[in-house]
């Protein structure tokens, strides 16, 4: 099964699948924060603010929080490339760990 086709819902009662779903979400959040978060931070700190389209003080205060949420969601929606390679490697390790904890 290709890593990009991983379903983000685990069958009930399957602890290994539950661990893999949690791992997939975590990898997506980390990649989103690292890659997209850095991009959005640079954009936010840019001096390219014109007289139109700037949200004022409210945007300055809350834009970092909004960008954090957007970065995590963007990372979780990635289904190819480096994030999948990292997930594939960690998934094999997580399967072994989960099975050892279950005594299988």
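We did not get these values from a lab; they are worked out from the coordinates using the rules stated. Remember, it's a predicted structure, so these values are computed and weren't measured experimentally. FYI the Cβ positions are ideal-geometry reconstructions off the backbone, even for glycines, and counts take in every protein chain you see.
Taking the mean number of other Cβ atoms within 10 Å as a proxy for protection, how do you rank 13-21, 57-65, 88-96, 31-39 from highest to lowest? Mind showing how you got there, number by number?
Values: 13-21: 15.3, 57-65: 10.8, 88-96: 13.7, 31-39: 17.2.
Order by mean packing, descending: 31-39, 13-21, 88-96, 57-65.
Would you mind giving the average projected area, over all directions, of the Cα convex hull of segment 60-104 in nm² with one decimal?
That works out to 4.6 nm², a quarter of the Cα hull's surface.
How many nm separate the modelled label positions at residue 64 and residue 38, each set 7 Å beyond the Cα in the direction of the Cβ?
1.9 nm
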